[in-house]
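Enquirer: My structure is below; once you've seen it, I'll send some questions.
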Amino acid sequence: MRFYEDPSTIYLDSAKAGPMYYELLDWRNKYEKNSLIKKSQIRESHKDDVIKVEKNLSKFFNVKTGDVFFSNSFSRGFHSLVSQFKGEPSFLVLENDYPSISEAIIKNNFNIIYVKNDLYVEENIKIAVEKYQPDFLVISVIQWIDGIKIDLNFLKKLKSNNKQLSIIADGTQFCGTCEFDFNNSPFEVLISSGYKWMLAGYGVAFLLVKKDFYKNKFLQLNSSEFKKAIDIGHYDMLAIGSLEFSLNKLSTIINKIEKKLYDLSKYVKVELENIDMLDSKIKMRKSHSTIYNISDPEGRLYKHLTSNNIICSQRGTGVRVSFNFFNTKAEIKKFIKTLKSFSLSP
């Protein structure tokens, strides 16, 4: 995968958008040109093409006993899912998790219970589940603001000890960062947009759904009925084709990506701690993603970084930086050096 390189900038913003790369751009250009020439005929095989991508996603994420569906974003997919629930289900949600989660639940007038999202997030979830006995836990595997990665082994144990609990995951900041076995995960449903770590561009998201989920007392739909509720309207074959293209690329290097991201995160964590810029919430955690949020309540650090051509985002009360497998050690060192120069400034 060859990415556009601008020697004057450092891209540390994959948590906002995974960048386009040359091979995908070439494929998309050819598809668009083909569309220009063939017009409506380009969609003659689109149903078979969609089934092919579904199978590739099933293989990549090991969806042995379930289905794959498409939407255009996590938000649309989750809203469509929640709107299918009947009765009065209760939902457990983390404070400051991705806003679309709580918005969809509130829109449908369902009971929502918030859990404190701090250093003890897993213990807080455990206590809340025992206390409130919710029907659903909806959670981002990797938190969008500060990159906290929820312990999947904890969620497996939680699920095992609470048979009534269904867990729905937002995998948008997670899918594409490591190998993931959906069949052996604690999730009944995982929804992920494709434009971040899957490097597929905008306009496509996928839902992984286990067969047992259709038996949920608040759902009561079969697979084909569920598909009609989620897969609404025409398929965007440019977007779905882009997802398949990137999927094929990632499948051959996902182990290397996982190791590279682990090493980068470990290195950055140590460096941030050395200059006293590591969030105390992250210090005691055993593992972390490659998304970090550095305190910046007045926005001065963000201005300093961007003026030094480091592309990042403002999230919460800090600056969010996110490292991907194409980032180099030299870029990270330059980023740390820029942070040090800020800490020394008056």
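The values are calculated or read from the model by the stated rules, or taken from the named source; none is laboratory data. Computed from a predicted structure; not experimentally measured. So basically every Cβ, Gly included, is an ideal-geometry build from the backbone, and we count neighbours across all protein chains shown.
Enquirer: Quick one: which of L24, L57, L92, L81 is under 30 Å from N308 (Cβ atoms) and not polar (S, T, N, Q)?
Expert: Exactly one of L24, L57, L92, L81 is under 30 Å from N308 (Cβ atoms) and not polar (S, T, N, Q), namely L24.
Enquirer: So which residues in the stretch 39-51 are under 26 Å from the mean Cα position of the chain (by Cα) and surrounded by 14 or more Cβ atoms within 10 Å (Cβ to Cβ)?
Expert: D49, V50, listed by residue number.
Enquirer: Any residue that is assigned to a helix (DSSP H, G or I) and buried (at least 19 other Cβ atoms within 10 Å of the Cβ) - is there at least one of those in the stretch 27-38?
Expert: no
Enquirer: How many of the residues in the stretch 71-82 are more than 11 Å from L207 (Cβ to Cβ), polar (S, T, N, Q) and outside any loop (DSSP other than H, G, I, E, B)?
Expert: 1
Enquirer: Of everything in the stretch 99-120, what is under 23 Å from K227 (Cβ atoms), outside any loop (DSSP other than H, G, I, E, B) and of a type outside the set (A, V, I, L, M)? Give them in sequence order.
Expert: Within the stretch 99-120, S100, K107 qualify.
Enquirer: Which residues, taken from the stretch 206-220, are over 17 Å from L190 (Cα atoms) and either of a type in the set (D, E, K, R) or in contact with a helix residue (DSSP H, G or I) (Cβ under 6 Å, 6 or more places away or on another chain) (or both)?
Expert: K217 - this is the single residue of the stretch 206-220 that is over 17 Å from L190 (Cα atoms) and either of a type in the set (D, E, K, R) or in contact with a helix residue (DSSP H, G or I) (Cβ under 6 Å, 6 or more places away or on another chain) (or both).
Enquirer: Within the set of pairs 6+ apart or on separate chains, which have a first residue in the stretch 183-211 that is more than 17 Å from L243 (Cβ to Cβ) and free of Cβ contacts under 8 Å to residues at least 60 places away in the same chain, a second that is surrounded by fewer than 24 Cβ atoms within 10 Å (Cβ to Cβ) and among the β-branched types (V, I, T), and C-beta atoms under 6 Å apart?
Expert: P186/I167; F187/I167
Enquirer: List, please: which pairs have Cβ atoms under 6 Å, are six or more places apart or on different chains, and start with a residue in the stretch 268-292 that is in the same structural domain as L119 (by TED's automatic domain parsing) and closer than 16 Å to F342 by Cβ and end with one that is among the basic types (K, R) and part of a loop (DSSP other than H, G, I, E, B)?
Expert: Here the result reads none, with nothing in the stretch 268-292 linked to a residue that is among the basic types (K, R) and part of a loop (DSSP other than H, G, I, E, B).
Enquirer: On to the next question. Out of all the residues in the stretch 39-70, which are part of a helix (DSSP H, G or I) and among the aromatic types (F, W, Y)?
Expert: Selection gives F60, F61.
Enquirer: Looking at the stretch 314-341, I want the residues that are at positive phi and have a partner that is among the aliphatic types (A, V, I, L, M) with Cβ atoms under 7 Å, at least 6 apart or on another chain. Which pairs are those?
Expert: G316/I145
Enquirer: Pairs under 6 Å by beta carbon, first residue within 17 Å of K39 (Cβ to Cβ) and assigned by TED's automatic domain parsing to the domain that holds E54 in the stretch 232-245, partner surrounded by 15 or more Cβ atoms within 10 Å (Cβ to Cβ) and modelled with pLDDT of 90 or more, six or more apart or different chains?
Expert: What qualifies is D236/G203; L238/Y31.
Enquirer: Residues of the stretch 266-277 being assigned to a loop (DSSP other than H, G, I, E, B) and either surrounded by 19 or more Cβ atoms within 10 Å (Cβ to Cβ) or among the β-branched types (V, I, T) (or both), which ones?
Expert: Within the stretch 266-277, I275, M277 meet the criteria.
Enquirer: A further question follows. Looking only at the stretch 181-215, count how many residues are over 20 Å from Y98 (Cα atoms), surrounded by fewer than 24 Cβ atoms within 10 Å (Cβ to Cβ) and in contact with a Phe, Trp or Tyr (Cβ under 8 Å, 6 or more places away or on another chain).
Expert: Final tally of qualifying residues: 3.
Enquirer: Kindly indicate which of E225, E258, E179 is of a type in the set (D, E, K, R) and not assigned by TED's automatic domain parsing to the domain that holds F78.
Expert: When all the criteria are applied, what remains is E258.
Enquirer: Between a residue in the stretch 87-98 that is part of a loop (DSSP other than H, G, I, E, B) and any residue that is among the polar types (S, T, N, Q), which pairs come within a Cβ distance under 6 Å, given they are 6 or more apart or on different chains?
Expert: Sorted first by the residue in the stretch 87-98, then by its partner, the pairs are E95/N117; N96/N117; D97/S140; Y98/S140.
Enquirer: Conditions first: (1) touching a Lys or Arg at 6+ places or on another chain (Cβ under 6 Å); (2) in contact (Cβ under 8 Å) with a residue 12 or more places away in the chain; (3) not charged (D, E, K, R). Q133 passes all but one, so which condition is the exception?
Expert: Unmet for Q133, out of (1) touching a Lys or Arg at 6+ places or on another chain (Cβ under 6 Å); (2) in contact (Cβ under 8 Å) with a residue 12 or more places away in the chain; (3) not charged (D, E, K, R): (1).
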